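Notes for the one structure printed next.
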Amino acid sequence: MVTIKEIAKKCNVSIATVSNILNGKPNASEETRKKVLETVKQLNYTPNYVAKNLKMKKSKAIGVIVEDITVFCTPEIIDGITKCCEEFGYHILLTNMRMYKKFSDTYYVNEDFKQIVDKEINELLSKQVDGIIYVTAHERKLKCFSDNLKIPAIIAYGYSKNEFIPSVVVDDKNGAYIAIQYLIDNGHKNIGVITGKENSIHTNDRLEGYQKALYDNSICFNPEFVAKGDWSRESGYNNTDYLVNKGVTAIFCMNDIIAGGVYDRLEQLNKSIGCDISVIGFDNRELAVFYHPSLTTVALPLFEIGYTACKNIIDALDNPDNIQKNQIIEEKCYLMERFSVQSKK
């Protein structure tokens, strides 16, 4: 491997001069700079980043722990993290714990969960990462970092119980609000909703956004228009008759999977989706465009969550005195308008 010393000798300049030119520092003549850069190219010089980072006491690596990379929200979050790392010259050390694959959707109450997480954090610390991003599979409150962690950390798509560990989450209230406002703007007032699981942060926040949109438009909240689901297609199917019999003209499904069950049942009832009853979903999963008609839904800001989480880590590394206590950063959702909602005006 070619070294800076060899380049300096070939160019008849000091090692410091070569180092300054490679790092973009001034004080070298244009002639010397051109000569050094041409020699670097000729000799196919590759900087020794390991040695450089050791000298700077930085690895330029961000550790990323994901609960399960197969869960639909995770890839886009990782893509956001990757984009941010590319822009700021960091690389990623990724750990996939495969929790959902191993323990299904109750993995977070598994007695081994904390031990598994601690092991992965310690692994990343041993590799001298500059910061750690913990990516959850669904939003909830959790404490996965010790209070005496010496490097910046953040939770993406979840709420941190640690005082100095910030969180980046979905603004679910706003997401539900824009969905209901869209239905109201299209003339709907009797709007049913099929919820997710009762103890879910997503469910509670989306229900609050639903209620606020009704209130802001002077429409009375009718608790009989709320059907309890569990995120499954079956819960969409099983609650459709109830809401149809209550006289709703639109159904807000708290995820796109639930909407699939609503589609199934409405088809059996010979109800035209959009014409007879409008349907709106949440999450903007890939399958939403393949429903017939394609599903109007609310897209999660997953890429933005990943990017913001990574940028927060880098900012904390650059300005360690600016870390805020109990910081929660909310990313806005956005509407994907398709063909499952029609105007009642």
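The values are calculated or read from the model by the stated rules, or taken from the named source; none is laboratory data. Just so we're clear, the structure is a prediction, and the values are computed from it rather than from any experiment. Cβ atoms come from the backbone with ideal geometry, glycine included; neighbour counts cover every protein chain shown.
Suppose we filter Val226, Val298 for residues that are of a type outside the set (Phe, Trp, Tyr) and crowded, with 24+ Cβ neighbours inside 10 Å; which single one remains? Just a single option satisfies the conditions, and that option is Val298.
Residue by residue, here is whether (1) touching a Pro at 6+ places or on another chain (Cβ under 8 Å); (2) under 20 Å from Ile313 (Cβ atoms); (3) surrounded by fewer than 22 Cβ atoms within 10 Å (Cβ to Cβ); (4) among the small types (Gly, Ala, Ser) holds:
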position: Ser126; (1), (2), (3), (4): no, yes, yes, yes
position: His138; (1), (2), (3), (4): no, no, yes, no
position: Ser160; (1), (2), (3), (4): yes, yes, no, yes
position: Asp172; (1), (2), (3), (4): no, no, no, no
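Residues are listed down the side, and each one gets a yes or a no for (1) within 30 Å of Ile132 (Cα to Cα); (2) not assigned by TED's automatic domain parsing to the domain that holds Phe164; (3) not β-branched (Val, Ile, Thr):
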site: Ser235; (1), (2), (3): no, yes, yes
site: Tyr242; (1), (2), (3): no, yes, yes
site: Ile251; (1), (2), (3): no, yes, no
site: Asp256; (1), (2), (3): no, yes, yes
site: Leu269; (1), (2), (3): no, yes, yes
site: Ile273; (1), (2), (3): no, yes, no
site: Ile277; (1), (2), (3): no, yes, no
site: Cys310; (1), (2), (3): yes, no, yes
site: Ile314; (1), (2), (3): yes, no, no
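Scan segment 287-316 for residues that are modelled with pLDDT of 95 or more and among the charged types (D, E, K, R) and the total you get is 2. Of all residues in segment 49-67, none are part of a helix (DSSP H, G or I), out of contact with any His (no Cβ under 8 Å at 6 or more places or on another chain), at pLDDT 95 or above and not hydroxyl-bearing (Ser, Thr, Tyr). Tallying residues that are part of a helix (DSSP H, G or I) and β-branched (Val, Ile, Thr) within segment 201-231 yields 2. A residue that is among the aromatic types (Phe, Trp, Tyr) and not in a strand (DSSP E or B) can be found somewhere in segment 108-131.
Just to be sure before I move on: is Ile201 touching a residue at least 12 places away in the same chain (Cβ under 8 Å), touching a Cys at 6+ places or on another chain (Cβ under 7 Å) and either among the small types (Gly, Ala, Ser) or closer than 23 Å to Pro301 by Cα (or both) in the structure I sent? When the stated conditions are applied, Ile201 does not pass them.
Suppose we filter segment 279-297 for residues that are in a loop (DSSP other than H, G, I, E, B) and on the phi > 0 side of the Ramachandran plot; how many remain?
Pass one, segment 279-297, residues in a loop (DSSP other than H, G, I, E, B): 281-282, 284-285, 291-295.
Among the residues that remain, those that are also on the phi > 0 side of the Ramachandran plot are: 284.
Residues flagged as in a loop (DSSP other than H, G, I, E, B) and on the phi > 0 side of the Ramachandran plot within segment 279-297 amount to 1.
Listed conditions (1) surrounded by fewer than 17 Cβ atoms within 10 Å (Cβ to Cβ); (2) touching a residue at least 60 places away in the same chain (Cβ under 8 Å) are all met by Tyr182, apart from (1).
Among the numbered conditions (1) under 22 Å from Asp185 (Cα atoms); (2) surrounded by 15 or more Cβ atoms within 10 Å (Cβ to Cβ); (3) not aromatic (Phe, Trp, Tyr), tell me where Ser272 comes up short. Of everything listed in (1) under 22 Å from Asp185 (Cα atoms); (2) surrounded by 15 or more Cβ atoms within 10 Å (Cβ to Cβ); (3) not aromatic (Phe, Trp, Tyr), Ser272 misses just condition (2).
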